[in-house]
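*Asks:* Attaching a single structure in structure tokens format; questions to follow.
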Number of protein chains: 2
Amino acid sequence: MNALSALLSPRAIAIVGASNDFRKINGRPLRFLLEAGYAGALYPVNPKYAAIGDLRCYPSVAAIGKPVDLAIVAVPAAQVLATIADLCRARTPAAVVFSSGFGEGGEAGQQLEAALVSAARAAGLRLCGPNCLGLINAFDRVVATFSQYADGPMPPGPVGFVTQSGAFGTAIAALARARGMGLGYFVNTGNEADLHFAEVMDAVLADPRIRVGAGYLEGVKDGAALVALAGRALAAGKPLVVTKVGRTEAGTRAAASHTGSLAGADAVFEGVVRQCGIVRARNEEQMLDIVEVLAHCALPAGNGLGIVTQSGGAAVLMADRAEELGLTVPALGPDTRVALRKAIPGFGTADNPVDITGQFVAEPGLLREAVRAVLDDPAVDVAIIWLQLMDAHVDKLVALFGEIKAFARKPFVVAWVAASPTAIASLHALGIAVLRGAEPAVDAVAALAEYAAAQRRAAAAVSAEAVPLNTDALPAGLVPSLAAAQVLASYGVALAPAVVATNADEAVAAAVRLGYPVVLKVESPDLPHKTEADGVRLNLASAQAVREAYAEVVKNARAYLPAARIEGALVQPMAGGAVELVVGLHQDPAFGPVVMVGLGGIFVEVQRDVVFARAPVTAGQALALLDRLRGRAMLDGVRGQPPVDRHAVAELVAAVSRAGAALGPRLSSLDLNPVRCGPEGAVAVDWLLVLQ
Amino acid sequence: MNALSALLSPRAIAIVGASNDFRKINGRPLRFLLEAGYAGALYPVNPKYAAIGDLRCYPSVAAIGKPVDLAIVAVPAAQVLATIADLCRARTPAAVVFSSGFGEGGEAGQQLEAALVSAARAAGLRLCGPNCLGLINAFDRVVATFSQYADGPMPPGPVGFVTQSGAFGTAIAALARARGMGLGYFVNTGNEADLHFAEVMDAVLADPRIRVGAGYLEGVKDGAALVALAGRALAAGKPLVVTKVGRTEAGTRAAASHTGSLAGADAVFEGVVRQCGIVRARNEEQMLDIVEVLAHCALPAGNGLGIVTQSGGAAVLMADRAEELGLTVPALGPDTRVALRKAIPGFGTADNPVDITGQFVAEPGLLREAVRAVLDDPAVDVAIIWLQLMDAHVDKLVALFGEIKAFARKPFVVAWVAASPTAIASLHALGIAVLRGAEPAVDAVAALAEYAAAQRRAAAAVSAEAVPLNTDALPAGLVPSLAAAQVLASYGVALAPAVVATNADEAVAAAVRLGYPVVLKVESPDLPHKTEADGVRLNLASAQAVREAYAEVVKNARAYLPAARIEGALVQPMAGGAVELVVGLHQDPAFGPVVMVGLGGIFVEVQRDVVFARAPVTAGQALALLDRLRGRAMLDGVRGQPPVDRHAVAELVAAVSRAGAALGPRLSSLDLNPVRCGPEGAVAVDWLLVLQ
């Protein structure tokens, strides 16, 4: 049995610091385990007692004398290190540490936490926590927690929930229970001194009884582990839904003050999780909505949403939201419309969204036949059925949904506003997802469609490859223009030609070779931002202009920074392409090299319209990235311009990402600004590569 | 007693078409009225029965022989007109018509509806419906409905709810009940053949027992009435919260197929309701969240949000959302931090958001003192207290919130995730708003702050005035440039100087007078879009250039449209100002002339970043409009540009809006594109005025 199995499915549990006061933090787990009927061995450890209830209480870990899979450590912070040492000696494979006063509370706590981890690792003991509420495996009645959630029923179900926050995680678990959603696992990872989110979720998803993973994150310490987890989850067909706080700058500040996590740039997190098929929910309610749908529905083949309602208003609300989220609400085919006209009364609407009016209460068959017709339409991939209240008709309606479930060959969900608990439980028993309202239903179905698309992408994926680069010869700091160009070109990044001239004559010769008009930029390892030094001259059309420009840019650079080492000037032809992009690489603390692409000019300056993905990406993934830009319509050509060659842009982004992956930890940053794009292609005009 | 009082608070009710089967649509209202204990007189009317239960049943309306305030009409569509005639003869002031088969179902139904309205209006009878579920006045136990909502308890409360949709409205009412929110009124206006939303809401808000109005809208037929309602509600200090479906184009299409309403452009609705102090919610759940807060909280003096939580994660989520919605989460003052450090344990966070950790369960005083310190901070205007579950501690916590309520001099709300019904009811009894989660709480508090700002604006308002204009002399269609300039200038719209030259010599003379460089634009009533005809030349710096340009633009215009009447060319100086805006007027079918302002170029072309308000607006209101632009940072100066003179822009927008209001129904549209803006002011360079 490995340590994670010992943690999640222990055959024997020791509770170190157990209390006979079952209301206390150190008394509650024993009460919960006994009440739940945990079938394994239980060993309370506390020198104060000979017994707790009917159980023998041991004076020390050593005194147990039998194998223990999991130790619950519920002693004051000052005693934790000694307890861990005892557990190591007893070769216990896993421990969950409730105690607080570690990494979350200042330098002394951080040192204590580090000592804890090194002691445990030396002996092969894996730790959950410290500063955590513990864990629950509801299938096997392992209630190794003091969370309030365990005060109520914990019916097991196909959802595995792992949370970095104890209080928020308890809230989410309680909300899941209130919805009739069974959590197979509840794990609070706390400070993540040893085990962190990705490792625990990986182990939870390995349980065949788990169909969906749900996670609450405040920060990601090991981005690569999260990406690897996502890959395995995708391959296993088990969707992973996460909420991560810290979307805005204010939020990120608050997160930094709350945990020791490296929150990273949220835009990077957003880009990476979308790239690797993790579904991100904006808050806890939406996470549960999405989990509800992913736990019950097959994957739709596309984005076509069919809507059947008893309210025109709900129809509009859902059509609105679907459009916002990139789902389509397709017009129905002629056969479908004929079938609908037969099925629904004259005053309903026989196109998508379909309004069957309240008449279906008197004639339930209306609903069944309308849904049948809509699901049969080739343009529809998934359906939402909206209704409200109907407390007096629950049995009839549940029977009807059972019939629909029996014939449906495409996924559907029921949005039932103010549904009774009976209605919800009955639909769950039929394997049908129930949502609380119109907008939540559309949001969750959009997430289902997004996940289905991620699965299709994964199936079709040609993975990007990065040939490692020997970077030993490259200096740290700003890489000289031509050396940087060589590196980038070796990965296939399209760059505007560039020649370094060390005097005015060479500059003129270069201009003749490249063809007028040309651009001149002062070349110096000390002046990354040439424009600020007034070291750039555009549109030089003659030898005379080049000579004057050469003298000027060198003089200006000297004036700007007398100590700068000036190596001459870069000569480039003027580039075409009406649309400016910015493309770059960034070393993310959690995910390593990430590639960024954005629209240039005011789009990036005013609106920060940029998207990220972990390097490397394929050209196909890069195309999908472009579709996430808010101002993507620019690429289709505005003001009479022809559309940009998106494939060329995607190839450039993919090439940049390969360079980033190859540079690996040596990368500090790369900025291609601007990349000029037009119908003939995409070319980086300016590049700034910094190594570390 | 006026007709609306008769409708909402009748002393006697006739039920025409009453059934003795209490499960039927025409039987349910009588059952509801009897069960609720309605204190007025009840007169069932149906020739089929002599009595229903203990009540005498009348063969006809005429046979009642006593005054009736409200008639419930529950007969088939074909009999409605005769019933209305009976009611008119009996001088009944108000009727609610359940029957469907009118305007919602084709031409015959529309004709029937028109006949209904003209018969009723001729006799002074006011109608609610047809095709509606009826209404409830919960205070006076008037349950004149067949809605399922009436199957459960209907505790009266300070919220008046008016809905155009029956099914969706019932869902919302049921959700309100599930939250422990009392609805004083529930009115479904259905087809709105006679009485519409604004009139009914006006009457509902006139009841002193109502503190907040909540509305569900699918379309607005009479925009002026809605604006007038908003003004009265604002003056009465009764907030009005509405959800309107049809945000996107897909939604608007669906609405058009659902009702006969003129949905109008949603952006216009959005602009107008914000302008007049109506709070708009994006869906039904958010509407109830906002109503909860508005019904319980005093108005905050500003946008400073204090947050007290037991979860760092919730803190981040709320700080994120607050930033997105324009609330601030201010750093706390030194005094506050000292007070907090005293109150909360070492491992909590003593800055905003304040994390008091789970320790407050053991020491409730922590929470009280933390909230006291935060509310005392001068930068905090309103607070959110977040907690979760705590089923075992409800009494203790409710007592604590009671203490906080007693000392609090600023508004606060409790975000209690998975709160028990007891907890919610107890807090309501203390007059405290309870929200279901972190994000809903911030959304609702942001709406509270927005409403408070609307109240402050109303208090400070200098209303915009529009001097009526004699437009008799102006032709319909495109107004010639100089005539249009005269109209606009008379309202104070700043325009670039313009001279019409009828030959090249005049053009040169004009250029000399205006100063080189100049712009030349062909002038023709048949060529509104001069650029398309290649009829514009910019940056002309000499007499020679002007002459050539004159010949070219005239020639190009002739080639483009040989039949065009060409009146010469407009000569203008080149305008400065680095930022381009578009400003315009539009005749909205619901709200009349509305003014639009947006950022020019790609912002309007690609991103449709424009906002609307009903004309006229003051310069102050125009400033607020600019703040609603997504790309508003452009106005602060990007790429080293100095900031734009926002006040000049606002004056121009206000002037345009006055012109729009003065033109009134004669306006078709006005486009000022571009308006060039810089630190020295804002000037419209091009104008296109179309009258009807």
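*Asks:* Going by the conditions given, is B:A406 surrounded by fewer than 20 Cβ atoms within 10 Å (Cβ to Cβ), within 14 Å of another protein chain (Cβ to nearest Cβ) and over 29 Å from A:G246 (Cα atoms)? Write out each step before concluding.
*Replies:* Details: surrounded by fewer than 20 Cβ atoms within 10 Å (Cβ to Cβ): yes; within 14 Å of another protein chain (Cβ to nearest Cβ): no; over 29 Å from A:G246 (Cα atoms): yes.
Taking the combined requirement at face value, the residue does not satisfy it.
*Asks:* Kindly evaluate A:G184 against the criterion of being within 20 Å of A:P155 (Cα to Cα), more than 14 Å from chain B (Cβ to nearest Cβ) and either in a loop (DSSP other than H, G, I, E, B) or modelled with pLDDT of 95 or more (or both). Steps first, please.
*Replies:* On the way: within 20 Å of A:P155 (Cα to Cα): yes; more than 14 Å from chain B (Cβ to nearest Cβ): yes; either in a loop (DSSP other than H, G, I, E, B) or modelled with pLDDT of 95 or more (or both): yes.
So A:G184 fits the description; yes.
*Asks:* Residues to consider are B:V508, B:V595, B:V522, B:V554; find the one that is within 30 Å of A:F603 (Cβ to Cβ) and either of a type in the set (K, R) or buried (at least 20 other Cβ atoms within 10 Å of the Cβ) (or both).
*Replies:* Details: B:V508 fails: within 30 Å of A:F603 (Cβ to Cβ); B:V522 fails: within 30 Å of A:F603 (Cβ to Cβ); B:V554 fails: within 30 Å of A:F603 (Cβ to Cβ).
One residue alone meets the criteria, B:V595.
*Asks:* What pairs can you find where one residue is in region B:438-449 and within 11 Å of another protein chain (Cβ to nearest Cβ), the other is buried (at least 24 other Cβ atoms within 10 Å of the Cβ) and among the aromatic types (F, W, Y), and their Cβ atoms are less than 7 Å apart, with a gap of 6+ or different chains?
*Replies:* B:A438/B:W386
*Asks:* Among residues belonging to region B:148-175 that are in a helix (DSSP H, G or I) and in contact (Cβ under 8 Å) with a residue 40 or more places away in the chain, point out the one that is farthest from the other protein chains (Cβ to nearest Cβ).
*Replies:* Across region B:148-175, the extreme among qualifying residues is B:A150.
*Asks:* Just to be sure I understand, how many residues within region A:403-418 are closer than 12 Å to A:I385 by Cβ and assigned to a loop (DSSP other than H, G, I, E, B)?
*Replies:* 2
*Asks:* Turning to a different aspect of this structure: Run down B:L87, B:L125, B:L30, B:L55 and say which single residue is surrounded by fewer than 21 Cβ atoms within 10 Å (Cβ to Cβ) and in the same structural domain as B:D194 (by TED's automatic domain parsing). Before you say what the answer is, go through the steps one by one.
*Replies:* On the way: B:L87 fails: surrounded by fewer than 21 Cβ atoms within 10 Å (Cβ to Cβ); B:L125 fails: surrounded by fewer than 21 Cβ atoms within 10 Å (Cβ to Cβ); B:L30 fails: surrounded by fewer than 21 Cβ atoms within 10 Å (Cβ to Cβ).
Unique residue meeting the criteria: B:L55.
*Asks:* Would it be correct to say that B:V398 is modelled with pLDDT of 95 or more, within 14 Å of chain A (Cβ to nearest Cβ) and either surrounded by 15 or more Cβ atoms within 10 Å (Cβ to Cβ) or closer than 30 Å to B:L623 by Cα (or both)?
*Replies:* On the way: modelled with pLDDT of 95 or more: yes; within 14 Å of chain A (Cβ to nearest Cβ): no; either surrounded by 15 or more Cβ atoms within 10 Å (Cβ to Cβ) or closer than 30 Å to B:L623 by Cα (or both): yes.
For B:V398, the condition - modelled with pLDDT of 95 or more, within 14 Å of chain A (Cβ to nearest Cβ) and either surrounded by 15 or more Cβ atoms within 10 Å (Cβ to Cβ) or closer than 30 Å to B:L623 by Cα (or both) - is not met.
*Asks:* If you don't mind, another one. Pick from region A:323-336 the residues that are of a type in the set (G, A, S) and within 13 Å of another protein chain (Cβ to nearest Cβ): which of them is farthest from A:G402 (Cα to Cα)? I'd like the intermediate steps shown before the answer.
*Replies:* As a first pass, look at region A:323-336 and keep what is of a type in the set (G, A, S): A:326, A:331, A:333.
If we keep only those that are within 13 Å of another protein chain (Cβ to nearest Cβ) too, we end up with A:326, A:331.
Numbers: A:G326: 30, A:A331: 27 Å.
For region A:323-336, the residue satisfying everything is A:G326.
*Asks:* Here is a list: B:R141, B:R177. Which entry is over 21 Å from A:S420 (Cβ atoms), assigned by TED's automatic domain parsing to the domain that holds B:A233, at pLDDT 95 or above and charged (D, E, K, R)?
*Replies:* Result of the check over B:R141, B:R177: B:R141.
*Asks:* Can you tell me which residue within region A:337-378, out of those that are under 36 Å from the mean Cα position of the chain (by Cα) and more than 11 Å from chain B (Cβ to nearest Cβ), is nearest to B:S147 (Cα to Cα)?
*Replies:* Of everything passing the filter in region A:337-378, A:V371 is nearest to B:S147 (Cα to Cα).
*Asks:* While we're looking at this one, here's another question. Return yes or no: is B:T83 within 14 Å of chain A (Cβ to nearest Cβ) and at pLDDT 95 or above? Reasoning before the result, please.
*Replies:* On the way: within 14 Å of chain A (Cβ to nearest Cβ): no; at pLDDT 95 or above: yes.
In short, no.
*Asks:* Moving on to the next point. Taking the residues in region B:338-368 that are among the acidic types (D, E) and surrounded by fewer than 18 Cβ atoms within 10 Å (Cβ to Cβ) as candidates, determine which candidate is nearest to B:L397 (Cα to Cα).
*Replies:* Of region B:338-368, the ones among the acidic types (D, E) are B:351, B:355, B:363.
Remaining after also requiring surrounded by fewer than 18 Cβ atoms within 10 Å (Cβ to Cβ): B:351, B:363.
Working: B:D351: 23, B:E363: 11 Å.
Top of the filtered list is B:E363.
*Asks:* Let me ask something additional. Can you find a residue that is farther than 30 Å from A:A233 by Cβ and buried (at least 16 other Cβ atoms within 10 Å of the Cβ) anywhere in region A:427-441? Lay out the reasoning, then the answer.
*Replies:* Residues of region A:427-441 farther than 30 Å from A:A233 by Cβ: none.
Within region A:427-441, not a single residue is farther than 30 Å from A:A233 by Cβ and buried (at least 16 other Cβ atoms within 10 Å of the Cβ).
*Asks:* Restricting attention to region A:624-638, report how many residues are within 14 Å of chain B (Cβ to nearest Cβ) and out of contact with any Lys or Arg (no Cβ under 8 Å at 6 or more places or on another chain).
*Replies:* 9
*Asks:* Moving on. So, B:A425, is that one free of Cβ contacts under 8 Å to residues at least 12 places away in the same chain, assigned to a helix (DSSP H, G or I) and in the same structural domain as B:D320 (by TED's automatic domain parsing) or not? Break it down into steps so the answer makes sense when it comes.
*Replies:* Details: free of Cβ contacts under 8 Å to residues at least 12 places away in the same chain: no; assigned to a helix (DSSP H, G or I): yes; in the same structural domain as B:D320 (by TED's automatic domain parsing): yes.
The answer is no for B:A425.
*Asks:* Can you confirm whether B:A613 is small (G, A, S), more than 14 Å from every other protein chain (Cβ to nearest Cβ) and part of a helix (DSSP H, G or I)? Let's see the steps before the verdict.
*Replies:* Details: small (G, A, S): yes; more than 14 Å from every other protein chain (Cβ to nearest Cβ): yes; part of a helix (DSSP H, G or I): no.
It is false that B:A613 is small (G, A, S), more than 14 Å from every other protein chain (Cβ to nearest Cβ) and part of a helix (DSSP H, G or I).
*Asks:* Filter region A:533-551 for residues that are surrounded by 15 or more Cβ atoms within 10 Å (Cβ to Cβ), over 23 Å from A:W687 (Cα atoms) and not basic (K, R) and give the result.
*Replies:* If the condition is that a residue be surrounded by 15 or more Cβ atoms within 10 Å (Cβ to Cβ), over 23 Å from A:W687 (Cα atoms) and not basic (K, R), then A:A543, A:A545, A:E548 are the ones that fit.
*Asks:* Let me ask something else about it. Name the one entry in A:Q621, A:Q587, A:Q641, A:Q607 that is within 14 Å of chain B (Cβ to nearest Cβ), in contact with a strand residue (DSSP E or B) (Cβ under 8 Å, 6 or more places away or on another chain) and polar (S, T, N, Q). Full working, then the answer.
*Replies:* Numbers: A:Q621 fails: within 14 Å of chain B (Cβ to nearest Cβ); A:Q587 fails: within 14 Å of chain B (Cβ to nearest Cβ); A:Q607 fails: in contact with a strand residue (DSSP E or B) (Cβ under 8 Å, 6 or more places away or on another chain).
Answer to the check: A:Q641.
*Asks:* Let me ask something else about it. Considering only region A:201-222, I want to know if a residue exists there that is in a helix (DSSP H, G or I) and within 14 Å of chain B (Cβ to nearest Cβ).
*Replies:* First, the residues of region A:201-222 that are in a helix (DSSP H, G or I): A:201-205.
Next, from what is left, pick out any that are within 14 Å of chain B (Cβ to nearest Cβ): none.
Within region A:201-222 (the criterion being in a helix (DSSP H, G or I) and within 14 Å of chain B (Cβ to nearest Cβ)), the answer is no, since none of the residues qualifies.
*Asks:* What number of residues within region A:277-322 are assigned to a loop (DSSP other than H, G, I, E, B), within 13 Å of chain B (Cβ to nearest Cβ) and either closer than 22 Å to A:F168 by Cα or under 16 Å from the mean Cα position of the chain (by Cα) (or both)?
*Replies:* Of the residues in that region, 2 qualify.
*Asks:* Can you tell me which of (1) surrounded by fewer than 18 Cβ atoms within 10 Å (Cβ to Cβ); (2) not in a helix (DSSP H, G or I); (3) not small (G, A, S) is the one B:D335 doesn't meet?
*Replies:* (2)
*Asks:* Are there any strands (runs of 3 or more DSSP E) wholly within region A:479-550 with 1 or more residues that are without any contact (Cβ under 8 Å) to a residue 24 or more places away in the chain, and if so which?
*Replies:* Values: elements: A:499-501, A:518-523, A:536-540.
In region A:479-550, A:536-540 are the strands (runs of 3 or more DSSP E) which contain 1 or more residues that are without any contact (Cβ under 8 Å) to a residue 24 or more places away in the chain.
*Asks:* Tell me whether region A:252-263 contains one or more residues that are more than 27 Å from A:S100 (Cβ to Cβ) and either modelled with pLDDT under 95 or hydrophobic (A, V, I, L, M, F, W, C) (or both). Reasoning before the result, please.
*Replies:* Filtering region A:252-263 for residues more than 27 Å from A:S100 (Cβ to Cβ) gives none.
No, region A:252-263 has no match at all.
*Asks:* Tell me which residues, restricted to region B:116-147, are away from chain A (no Cβ under 14 Å) and either in a helix (DSSP H, G or I) or free of Cβ contacts under 8 Å to residues at least 60 places away in the same chain (or both).
*Replies:* Taking region B:116-147 first, the residues away from chain A (no Cβ under 14 Å) are B:116-129, B:135-144.
Answer for region B:116-147, where residues must be away from chain A (no Cβ under 14 Å) and either in a helix (DSSP H, G or I) or free of Cβ contacts under 8 Å to residues at least 60 places away in the same chain (or both): B:L116, B:V117, B:S118, B:A119, B:A120, B:R121, B:A122, B:A123, B:I136, B:A138.
*Asks:* Please find, within region B:291-330, the residue that is surrounded by the most Cβ atoms within 10 Å (Cβ to Cβ) out of those that are free of Cβ contacts under 8 Å to residues at least 60 places away in the same chain and farther than 24 Å from B:Y451 by Cα. Working first, answer last.
*Replies:* Restricting attention to region B:291-330, the residues satisfying the condition of being free of Cβ contacts under 8 Å to residues at least 60 places away in the same chain are B:312-313, B:316, B:319-320, B:323-324, B:328-330.
Within this subset, residues satisfying the condition of being farther than 24 Å from B:Y451 by Cα are B:312-313, B:316.
Working: B:G312: 26, B:G313: 32, B:V316: 35.
Result: B:V316.
*Asks:* Does region B:158-180 hold any residues that are surrounded by fewer than 24 Cβ atoms within 10 Å (Cβ to Cβ) and on the phi < 0 side of the Ramachandran plot, and which are they?
*Replies:* Residues of region B:158-180 that are surrounded by fewer than 24 Cβ atoms within 10 Å (Cβ to Cβ), as a first pass: B:158, B:174-175, B:177-180.
Hits for region B:158-180 are B:P158, B:A174, B:L175, B:R177, B:A178, B:R179.
The values are calculated or read from the model by the stated rules, or taken from the named source; none is laboratory data. These numbers were taken from a predicted model, which means no experiment stands behind them. Every residue, glycine as well, gets a Cβ built from its backbone with ideal geometry; the counts of neighbours run over all protein chains shown.
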